[in-house]
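First up is the structure itself, then whatever we jot down about it.
Values quoted throughout were computed directly from the atomic coordinates according to the rules given, and no laboratory measurement underlies them. Here the structure is a predicted model, which is why all the values come from computation and not from measurement. Don't worry about glycine lacking a Cβ; one is built from the backbone with ideal geometry, like all the others, and counts go over all protein chains shown.
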Amino acid sequence: MIECEGLVKIYKTDDVEVVALQGLNFTVTEGEMMAIIGNSGSGKSTLLNILGGLDRPSAGNVRVGPWNLLKITDEQLVHYKRKTVGFIWQNNARNLLPYLTALENVETPMMMDGKIDRIYAKELLTWVGLEHRMNNKLQQLSGGEQQRVAIAISLSNRPSLLLADEPTGSVDSQTSDQIMDTFRRLNRELGVTIVIVTHDLSLAQQVDRVIAIRDGLTSSEMIKRNPNLELALSGVGESMIEEQATHEEYAVVDRIGRLQIPKAYLETLGIADKVSLECDGTQITIKAPS
Amino acid sequence: MAILRFLYRKMWNNRWFTLSTLLGLTIAVSFTMSIPMYSDGSLKRLVSQTLEQQTNGLPAASLYMKYQASGNDETDLEAFHDTDEFIRKELPSDIGFPSDPLVSRFSIRSSQIKSVDPKQSGSSKFRQLELAAQPRLSDLIEITQGRMFEDQGQDSKVEAIVVQDALYRHEIKVGDIYQYTVIDGDGKQQKLQVEIVGAYKLNNEADAAAWTVSGQDVLLQSLMVSQKTLNEQILTKLNIPLAAADWYYSFDLQNIRTSDLSSLIRTLDRLDITLFQKLENTHVSLSFLNMLYDFRAQSIQMQAMLFALAAPMIAMVFYFIAMNARQSLERQRTDIAVLKSRGGSSRQVIWLYTLEGLLLGGCSLIFGTAIGWFLAKSIGSSSGFLSFVGRKVIPIDFSWTTLLYGLLAVTMAIGASVIPVAVFARSSIVSYKRNIARTARPFWQRYYLDLILLLAAISGWYMFNSNRMLSASTGLSSDQLQVQPLLFFVPALSIFALGLVFLRLFPWLLILFHRLGRKFMPVTLHLTLTQLSRSANSYYPIMILLLLTVGLGVYNSSAARTIDMNSNDRTLYQYGTDVVVQTVWEGYQDQNDESIIYYTEPSFEPFRQLDEVEAAARVLKTSGKVTVSGKSAGQGQLIGIDNIDFSKVAWFRPDLYPVHPNVYLDLLSYYEQAVLISSPFAEKYQLKEGDVVTLSVGVEQTSVEFIVVGIMPYWPSLYPDNMPFFIANLDYINNQINKIPYEVWLKMKDGAKVTPIVEKLAASQIEVSEVRDVRNALIDQINHPSRGGVFGILSLGFIVSMLISLIGYILYWFFALSGRVVQFGILRAMGLKRGQLTTMLLMEQLLTTGLSIALGIGLGKLCSYIFLPFLQATGDSASQIPPFRIVFEAKDTMKLYWAVGVMMLIGVGLLFMQIRKLRVHEAVKLGEER
């Protein structure tokens, strides 16, 4: 579904130049539900904006389905946003128009596309568990309910890709679970590819695959050891050890064979700028130069 | 449909902005439309006045076309009929105004007719008559003898009737047959037998002028035949050429509009060529083209003047709309970004806002037309600045051009709000958020527009200054009350430019102030100053609006008052008092010298006893030769008065004299021979109090000696630049010379009429030869359409600008505050008391609103002092006495302060409401955007 190669994004103001993404690589397959984690400023939101068609990459290669987001025209971008991608922001003000009811909010993206499918809109709201709140104005809804309306909105154009930026950032853990459940159901029942961006590791644990971004680069990838355990998990609150136990962390090797070594390792071994590599046929050993 | 519902939701959610945008649009539209409406109406008034004036003689809108054959050319009958047809049918519809029925007359070459009766053939009576036909003749005449002509005569025999008078003039009898010799198209002589079958008279002698094309004399020379006879028998069968044809229309232009003028002028201009092309030797010999040119020039001039006066105000209204639109858009930017990120294309977003603009524009056109109508009426009924009277009929006219102006206003306003949308629509939510982080200086600061505008204003001032020199040195006079539009435009520009320059300095001032007082400033003031100096940009729009409205309001009110006051002053000075009466004096001639007349003074008492009169005074006016210390000093005007009476009736403007005028009048009572002289004269001849001057006055040129007791620059009704004046005691003059008729000056009671005075005087055997009433002159001035227009526009502009700044202010603060709720929430959460928050906001208001209002008043006054003196260059330079004065009416200033006070109060009220409503948790929960 998503192929990202050497993605670079540079923000320029008059006197400052910030490289938010410096050659990011990753792939998401169709129907996958995965998470991207990283600290603030690591470039994860930038990545999501680019994937959502709200921002344009500076260089590199990004493909989402049939679209090449680097070369896409403005008109195609509109089309892309209408047909392919759904978006959920952390801040509801960016998701919703406060003066419309929940139902009207869901209908708005449909209106942009020209055809309003009220039945489907109601179905979506029912799906996120808001059938009794359909005609309420947004101010009358709680934060979690607003977030769920946002999910319904993002699905209104039947996207094949759903991007969620900190979808549980401003809600309590119970609501957060509800939202995550909804995502899982979406993924399973509709086959929607879902990419969640978060800084919350516990949230990331609930998906099959997690990519960690550091300083604008993919640093490591965690893959769930036993996918069947997923149902046994009871929300957040588990300790890091347990989380470590569910996922195996891998370092990422890029297309031309580069590897990012976690800073902690480097510090432990006192590696500065050179290492020595040894390969014995089954494994590669990295050593501090002697 | 969905988009409409969405739009409705959006508009409802932003209903205050929607409403104020609608209000602004409506004001703009109605104000713009009222001007052409008024000037169209005034044009009508002008037209009807002109038409009334020209009712003697031919009507004003007469169109007279004439065909005159040259030589004996054969008539091109086809062309002739074609032309006749064109004039009868096409022309009236081309001109498009109702007209009286066409009057036309066709004649062949005249002939000396001879009786066929041999008994009379010897008569030496010379009768030169012409055969003519006039369609519709039977409607206009009455047969008095014999019968009407029959259509068909025999080959060379025709039946004709003549006007009754012609029977006597030409010694013709009904029943006579005459021979009419005429040369036909082939050059052969044809002899026609004309039988006089009847005589007629006109139904209505009065409109003879209208229906006889070439005047009544022609009727006497005409043998009228039927048109059919003329056409078929004479012109066609006998091939006799047509000698002349006349067509006459009188149009009714009562309903003419400004917009009709151009096409009408084009039609008339072209008419001559069209006619000549159709039938050679056909011309328009009388048309009302010049009158139309006159109308057009006057209406264009008036419209231009009114628009120029209104331009700053209209610009301000547009500024208000733009500001409002911008603020409303800023609020909706997030919404736009949301729509964009959900797959809305730029085009959809722009269309959404255009649709909103169109909806509001449509509404405002409807309301605006109605309000514009009302405004135009108000313009017409203004009698001075901010005073409106119920004038009986103010013609207002609505034309498509008016609507065009309205549409233009709407289009501009929609453009003002849609263009920013187009810019916003390009940005998705990400780039929008990024932009928020940056603060750019407003474009006028970046490009130094304020300084450029200031330079423009200064060069405008320079131009006026050199112009005034010009008109003063050449003594060029212009039409009274023709206010130079630039005199309202340049000050507006100056206020604007100076305001911008100040705003450029504003943040620096704040920072300076902050630096100075940082140590001992309370926290609220500290916060205010920080807030203001950090986000000064966001206060600029409202500050500019207030500055401009208040400044313009002050300038316009003072300009209007000044024009008003000075033109009233001029008239009052010219008359000197309310009513000047000249009575008829009985007199008899000297037996030896015919030029000497001995008058008997009529009784003066009746004047004082009139109920309508408050006071009366005798004022003798005569001229004489002045001699100063034995040398002639030219002509002088001698005025004889009774000083106590005079002080009660005369109009003095106190600021013209160094001391109260009554002090001068009192001086006259010191000596019998006392005289007050004009200062230019005194200066020229180095005269001082106590000097002696001699005047030779009266028919006998009696020398009378006077002693100068006072020197004065002005005297009511006198112009010392034309002739020096000498004010003396009337009784003294009467003792020295034979009595000369004097004027009686009357000070009237309020609202008293002149007519009963004349009647009462007549009852007391006093005959009045002339009455001049200054109040009539003032009313005439007030009723002048362009003066009414000027005051109307200025008054309305003042009201409109006050209204706009009030609304603008309230809206601005209301929404600026609601946008800062998070900030307030945080401040409150940090422990700022409610009172402190209020103080902080009040401070902020004082420093922005208060400052810009104060500055507006200051700049307005400054511009008044700088620019208003130029107004006098537009008046007639000869009658620029009394000197010009610049007036600030306390009433107007009070109104201004009232409006401003109400504004501030409402603002403070809103603040309190907002702060009371403010709940910290809500503000914080609402988050960054809302």
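Using the Cα gyration tensor of the range B:593-752, with a ≥ b ≥ c the square roots of its eigenvalues, what is the shape: rounded (a/c below 1.5), prolate (a/b larger than b/c) or oblate (neither)?
oblate
Please label the shape of the protein assembly as shown as rounded, prolate or oblate, based on the square roots a ≥ b ≥ c of the eigenvalues of the alpha-carbon gyration tensor (a/c under 1.5 means rounded; beyond that, a/b larger than b/c means prolate, else oblate).
oblate
Between the alpha-carbon centers of the range A:58-109 and the range B:178-194, tell me the distance in whole angstrom.
Centre-to-centre distance over Cα atoms comes out at 99 Å.
Each residue of the range B:245-256 in turn: what ³J(HN,Hα) in whole Hz from Karplus with 6.51, -1.76, 1.60 and θ = phi - 60°, glycine and Pro shown as x?
9, 10, 10, 9, 10, 10, 9, 9, 9, 3, 9, 5
Order the peptides B:141-148, B:307-314, B:535-542 from the highest to the lowest mean number of other Cβ atoms within 10 Å of their residues.
On the way: B:141-148: 15.8, B:307-314: 22.0, B:535-542: 18.8.
With the highest mean Cβ count within 10 Å placed first, the list reads B:307-314, B:535-542, B:141-148.
Report, by chain and number, residues whose modeled amide H sits under 5 Å from the one on A:Thr101, excluding near sequence neighbours (fewer than 5 apart, same chain).
The answer is none.
Using the Cα centre of the protein assembly as shown as the reference point, and only Cβ charges (+1 on K/R, -1 on D/E), how large is the resulting charge dipole? Debye, rounded to the nearest 20.
Its charge dipole is roughly 5020 debye.
Take every DSSP beta bridge with both residues inside chain A and express the antiparallel ones as a percent of the total, to the nearest 5.
65 percent
As a test, work out the antiparallel percent of DSSP beta bridges whose residues both lie in chain B, rounded to the nearest 5.
So the antiparallel bridges amount to about 80 percent of the total.
Let me have the 222 nm mean residue ellipticity of the protein assembly as shown computed from DSSP H runs of 4+ only, each contributing -39500 (n - 2.57), with the sum over all residues rounded to the nearest 500. Show your work: numbers first, answer last.
On the way: 42 runs with 595 residues, N = 1220.
After summing the helix terms and dividing by residue count, I get -16000 deg cm²/dmol.
Quick one: which residues, 5+ away or cross-chain, put their amide H under 5 Å from the amide H of B:Ile141? H built at 1.01 Å from N.
Correct list: B:Asn203.
Along each of its three principal axes, how wide is the spread of alpha-carbon positions in the range B:238-332, in whole angstrom units, largest first?
90, 26, 19
How large is ³J(HN,Hα) for each residue in the range B:23-40, as worked out from phi by the Karplus curve 6.51 cos²θ - 1.76 cosθ + 1.60 (θ = phi - 60°), to whole Hz, x for Gly and Pro?
4, x, 4, 4, 4, 4, 5, 5, 5, 5, 6, 5, 5, x, 4, 5, 6, 4
Mind listing which trypsin sites (Lys or Arg not before Pro) in the range B:715-760 are in a DSSP loop and have 15 or fewer other Cβ atoms within 10 Å?
Taking the range B:715-760 and a limit of 15 other Cβ atoms within 10 Å, the loop trypsin sites (Lys or Arg not before Pro) found are B:Lys749, B:Lys753.
HN-Hα J couplings of the range B:330-339 from phi, Karplus 6.51/-1.76/1.60, θ = phi - 60°, integer Hz, Gly and Pro as x?
Residue by residue, the range B:330-339 yields 3, 5, 9, 4, 4, 4, 4, 4, 4, 4 Hz.
Would you mind getting me the FRET efficiency between B:Leu358 and B:Asp100? Use the beta-carbon distance for r and R0 = 35 Å, nearest 0.05.
After rounding to 0.05, the efficiency reads 0.15.
For chain A, just the Cα set please: Rg and Dmax, both in angstrom.
My reading of the Cα-based Rg and Dmax gives 20.5, 71 Å.
Enumerate the aspartates and glutamates that B:Lys684 could reach by cross-link, defined here as Cα to Cα under 20 Å, with residues fewer than 8 away along the same chain left out.
B:Glu705, B:Asp721
Please go through the range A:74-116 and write out the trypsin sites (Lys or Arg not before Pro) that DSSP classes as loop and that have at most 11 other C-beta atoms within 10 Å. Don't skip to the end; give the middle numbers.
Values: sites: A:Lys81, A:Arg82, A:Lys83, A:Arg94, A:Lys115; in loops: A:Lys115.
Passing sites in the range A:74-116 are A:Lys115.
Cross-link partners among lysines for A:Lys12, C-alpha distance below 22 Å, same-chain residues fewer than 8 apart left out?
Of all the lysines, those that pass the test against A:Lys12 - Cα under 22 Å, at least 8 places apart if same chain - are A:Lys44, A:Lys71, B:Lys433.
At most 11 other Cβ atoms within 10 Å and a DSSP loop assignment: could you name the trypsin sites (Lys or Arg not before Pro) in the range B:520-607 that fit? The partial results should precede the final answer.
Values: sites: B:Arg534, B:Arg561, B:Arg570; in loops: none.
Here no loop site has a sparse enough neighbourhood.
With the cut-off at 25 Å, tell me which of the pairs A:Lys9/B:Lys10; A:Lys81/B:Lys10; B:Lys191/B:Lys237; A:Lys115/B:Lys340; B:Lys648/B:Lys688 have Cα atoms farther apart than that.
A:Lys9/B:Lys10; B:Lys648/B:Lys688
For peptide B:342-354, how many partner chain Cβ atoms fall within 10 Å of a residue's Cβ, on average?
5
Enter the mean number of other protein chain beta carbons within 10 Å of the beta carbon of each residue in A:83-91, as an integer.
2
Take the alpha carbon gyration tensor of chain B, find the square roots of its eigenvalues, order them as a ≥ b ≥ c, and report rounded if a/c is under 1.5; if not, report prolate when a/b exceeds b/c, else oblate.
It is oblate, given that a/c is not under 1.5 and a/b is not larger than b/c.
Using a Cα-Cα cut-off of under 30 Å, which lysines could be cross-linked to B:Lys833, ignoring same-chain neighbours fewer than 8 residues away?
In chain and number order, the partners are B:Lys519, B:Lys917, B:Lys925.
Under 5 Å between amide H atoms, partner at least 5 residues away or on a different chain: which partners does A:Gly86 have, H built in plane at 1.01 Å?
Long-range HN contacts for A:Gly86: A:Leu161, A:Leu162, A:Leu163.
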